[in-house]
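Quick notes on the structure that follows.
Nothing in this text is a laboratory measurement; each read-out follows from the coordinates by a stated rule. Being a predicted model, the structure only gives us computed values, none of them experimental. Glycine also receives a Cβ, built like all others from the backbone with ideal geometry; neighbour counts cover every protein chain displayed.
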Amino acid sequence: MKAVIMAGGKGTRFTPLKPLVEVCGYPSYYHVMRTAKNFAEDIYLAVTVFSPLIYSDFPKVITSGKGYENDIYEAVKKVGIPVLVFPSDTPIIPLESVELLLKECKADICSLVNFGDYVGISLWRGYNTSNFQDIEYSGSKIFNINTYQDYVIVKYLCVEGV
């Protein structure tokens, strides 16, 4: 199994440095990478020329930056399937949520939904974008850091030891 961590956006809602914001003492993408290592042997950062991680030493794929969905498709095509896709701005991912995604996925593309919201975590088993399935995880809340308010909440969770 492979994993792609999407870390190439422009960060217009929060900051272009979003993958690098400190969460619980480490950059956000680092937490996502630690989670991905539980499920994947090969992990790639998907970046655009806008990403501060383009110069990192990590294995990476460079996407065109034409939008999140397009960049996911480009990254998945470049690394091949099956592949888990994670956004770099979800630093606290319960392992059981990814285990549920892997267990329940029956379609080409399965997306993790948390309390009715897409969190950007998906499993690609094929390329047919019309063959998709939502997998609902109703355990703890998975936070995307898209705004400063989201960042404050996640920082608070660090203090609380979540």
Taking the alpha-carbon distance from Lys66 and a cut-off under 15 Å, which aspartates and glutamates remain once sequence neighbours fewer than 8 residues away in the same chain are dropped? Glu74
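Name the trypsin sites (Lys or Arg not before Pro) in the stretch 19-116 that are in a loop by DSSP and that have at most 14 other C-beta atoms within 10 Å, would you?
Working: sites: Arg34, Lys37, Lys60, Lys66, Lys77, Lys78, Lys103, Lys106; in loops: Lys37, Lys66, Lys106.
For trypsin sites (Lys or Arg not before Pro) across the stretch 19-116 that sit outside H, G, I, E and B with at most 14 neighbouring Cβ atoms in 10 Å, the list reads Lys37, Lys66, Lys106.
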Anything over 19 Å Cα to Cα? Flag those among Lys77/Lys141; Lys78/Lys106; Lys2/Lys103, in the order listed. Lys77/Lys141; Lys78/Lys106
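I need the shape label for the chain. Rule: rounded when a/c is under 1.5, else prolate if a/b > b/c, else oblate, with a, b, c from the alpha carbon gyration tensor.
Values: a/c = 1.58, a/b = 1.12, b/c = 1.42.
Oblate.
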Short version: ³J(HN,Hα) in whole Hz for each residue of the stretch 106-118, in order, from phi by Karplus 6.51 cos²θ - 1.76 cosθ + 1.60 (θ = phi - 60°), x for Gly and Pro, what are they? 10, 9, 5, 10, 10, 10, 7, 10, 10, 6, x, 10, 5
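Using just the helices of the chain, give the 222 nm mean residue ellipticity in deg cm²/dmol: DSSP H runs with n ≥ 4 each add -39,500 (n - 2.57), and the total is spread over all residues, rounded to 500.
Working: 4 runs with 44 residues, N = 162.
Mean residue ellipticity, 222 nm, calculated: -8000 deg cm²/dmol.
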7 Å from Cα along Cα→Cβ at both Tyr55 and Ser130: what's the point-to-point distance in nm? 4.6 nm
